[in-house]
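Below is one structure, written out as structure tokens; comments come after it.
The values are calculated or read from the model by the stated rules, or taken from the named source; none is laboratory data. Computed from a predicted structure; not experimentally measured. As a convention, Cβ positions derive from the backbone with ideal geometry for all residues, glycine included, and neighbour counts pool all protein chains shown. Surface accessibility is based on the protein's heavy atoms, side chains included, excluding ligands, DNA and RNA. Shrake-Rupley method; radii C 1.70, N 1.55, O 1.52, S 1.80 Å.
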Amino acid sequence: MCLKNQKTVLPTPNCLPESYKDAYHLIKPMIVETRRYDACVNDCLLFCKRSDNVYSLDRACMKCGETRYKAESLSARKTFTYMPMGPRLSRIFGSDNICKILYSRQDLYYGKLTDIVDGKIYKSWYEDGGVFQNMEESCTVPLALFCNGLYPHKNMATQKSMWLLILTWFNLPVNIRNISGPMMLVGIVPGTKTEEPKNLDPYLDLIVVIFLELTDCTMFYAYRGAPTSVRIALLRYMCDIPAFSKILHVSSQAALRGCPYCKEVGFYCKSLHKVVHINNGAFLPENHPLRGEKNKFTIKREDRTSKPESYTKEEELEIRNSYDELPNKNRKSLLQKKTELKGKYSFIGLPYHNRQEEMQPNGMFTIADEIGNLFGLITGKMMGKRYKTEKKSFIDLRIHGTAVPVTV
Ligand SMILES: [Zn+2]
Ligand SMILES: [Zn+2]
């Protein structure tokens, strides 16, 4: 309607499309084509052969036996749309303005730690043995994956019913990084009507295959006016803890062994109905004066233990392999309780992958919680008494041993 009015207002003849349909037709050749894959309704696999790009003709899932198509038609029961990132990156490289930004970036910082690109890990990628060794910074595309569940209908009593996979190019300046051009939606994993997808692995496997294909590619670089070889790598995972548990197969925050970085063991607090982590003193330097101050820590005694260790990459892989080989669910969950790790996950397939270095927990929920608590205290909404009694019963339980800690 609006377009139609506009068209009559403009001098005639003019090329303004008359309807949404015409307008879409006009820009259609410029739209990056999406790829659609059929998926198992239980999220076991995508129906595609990746080696030669020939679509699978299976009519049922190999793993769970569910049928691929609806009974009455040849349309799939569940599909996943992949929005290709290669063509989009090559458009960014091909556009003048972004290239100028890539070259000007270095001047924006003054040697202070203000961003991820000033840190040690980022710099190590460009050193010997790093993934971008011998590459010019402007020809590298380090990408970060955001992944989280989403409620499309806020008022319905449903769980998060879809998962978003978003990539962002993080050596662009902060103000450019978080706008929709360099921040790319690569796909939405559909859930069922009331539940989130059961398993994200088949979808992430697809992303890994694409990353492996794109690791070294040639793109037209507008700044040089010539084709240039570009290296693309997935080097960061920005998620909250439940999402880490889903995509990197570690235990979630409710587990006793909930820390994805080290072997710290939590403690189940009965009155709070959740696991709490009280070994914070162990993370202080060994002879730190605070270590002697018994009353400043929840454990109420002098803590001389040293910082919990982390798994090495090899140890971790061994545990994950043996998890996959275990015959049944019970034994798998026992091993998970003991080690915090589950089986192998998609991103192990990336040769440069280093889970502990690349996980970047999303702290927004914690910040929101803290702000909420603060406002609760100021406005008097927080139930101070309840918190005090819970703290007391917790200390009784833990320190004076009046009750036996429950393990979950
Ligand atoms: Zn299946
Ligand atoms: Zn830890």
Query raised in the report: Between a first residue in the stretch 251-273 that is over 16 Å from GLN336 (Cβ atoms) and among the hydrophobic types (A, V, I, L, M, F, W, C) and a second residue that is within 14 Å of ligand 2 (Cβ to nearest atom) and open to solvent by less than 40 Å² (accessible area, probe 1.4 Å), which pairs have beta carbons less than 7 Å apart while being 6 or more apart in sequence or on different chains?
Result: CYS262/PRO308; PHE267/VAL275; PHE267/VAL276; PHE267/ILE278; CYS269/VAL276
Query - Selection status of PHE132, part of a loop (DSSP other than H, G, I, E, B), among the aromatic types (Phe, Trp, Tyr) and either farther than 30 Å from THR194 by Cα or at pLDDT below 75 (or both) - result: yes
Report summary line: Checking LEU317, LEU326, LEU334, LEU341 in turn, the sole residue that is out of contact with any Cys (no Cβ under 8 Å at 6 or more places or on another chain) and within 16 Å of ligand 2 (Cβ to nearest atom) turns out to be LEU341
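Quick one: which of LYS63, LYS4, LYS49 is within 16 Å of ligand 1 (Cβ to nearest atom), at pLDDT below 90 and open to solvent by 70 Å² or more (accessible area, probe 1.4 Å)?
LYS63
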Requested in this report: Filter the stretch 362-383 down to residues that are of a type in the set (Gly, Ala, Ser) and in a loop (DSSP other than H, G, I, E, B) and give me whichever is nearest to the chain's Cα centre (by Cα).
Outcome: GLY363
Query raised in the report: Which of the residues spanning the stretch 214-223 are free of Cβ contacts under 8 Å to residues at least 60 places away in the same chain and open to solvent by 40 Å² or more (accessible area, probe 1.4 Å)?
Result: ASP216, THR218
Report task. Output yes when any residue across the stretch 198-211 is surrounded by 16 or more Cβ atoms within 10 Å (Cβ to Cβ), in the same structural domain as SER95 (by TED's automatic domain parsing) and assigned to a strand (DSSP E or B), and no when none is. Result -> no
Report task. Would you please name the residue that is farthest from ligand 1 (Cβ to nearest atom), looking only at residues in the stretch 226-246 that are assigned to a helix (DSSP H, G or I) and buried (at least 21 other Cβ atoms within 10 Å of the Cβ)? Result -> PHE244
Query raised in the report: Of the residues SER252, SER180, which single one is under 23 Å from ARG36 (Cα atoms) and of a type in the set (Gly, Ala, Ser)?
Result: SER180
